[in-house]
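For reference, the structure discussed in these notes is given below.
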Amino acid sequence: MNLKRRKALTYLNTMVLSFLFIIPSVDAQNVNPEVLVRVKETLTVNGKVFKDLNSNEKLDDYENWELPIEK
């Protein structure tokens with residue numbers, strides 16, 4: 001390959017790669033995704049905090065992270 005052609009291909013590759021990396025970052029800055037948040041109340045039992053996943057205001061077995069998995 002001659003030098004002129006190699007320089008042209010290098011320039012073209014640089015431009016294509018620049019557009020591939022610059023354009024997505026510009027688009028990402030203009031996107032405002034909707035964020036949904038759900039908050040669960042907590043229970044304090046013997047000084048330890050647990051999430052009340054079903055909102056029944058009592059500590060159920062599946063909410064208790066101290067119990068073994070089998071239970």
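The values are calculated or read from the model by the stated rules, or taken from the named source; none is laboratory data. Computed from a predicted structure; not experimentally measured. Here the Cβ is made from the backbone with ideal geometry for all residues, glycine too, and neighbour counts use every protein chain on show. Note: accessible area is taken over every heavy atom of the protein model, side chains too, but ligands, DNA and RNA are not part of it. Shrake-Rupley method; radii C 1.70, N 1.55, O 1.52, S 1.80 Å.
General remarks:
- Subset of the stretch 43-57 (residues that are outside any strand (DSSP E or B) and surrounded by fewer than 10 Cβ atoms within 10 Å (Cβ to Cβ)): ASN46, GLY47, SER55, GLU57
- Residue match in the stretch 4-17 (condition: at negative phi and either at pLDDT 90 or above or within 28 Å of the chain's Cα centre (by Cα) (or both)): yes
- Evaluation of TYR62 against the conditions (1) open to solvent by 90 Å² or more (accessible area, probe 1.4 Å); (2) in a loop (DSSP other than H, G, I, E, B); (3) at pLDDT 90 or above shows that the sole unmet condition is (2).
- Residue match in the stretch 23-38 (condition: modelled with pLDDT of 85 or more and open to solvent by 80 Å² or more (accessible area, probe 1.4 Å)): yes
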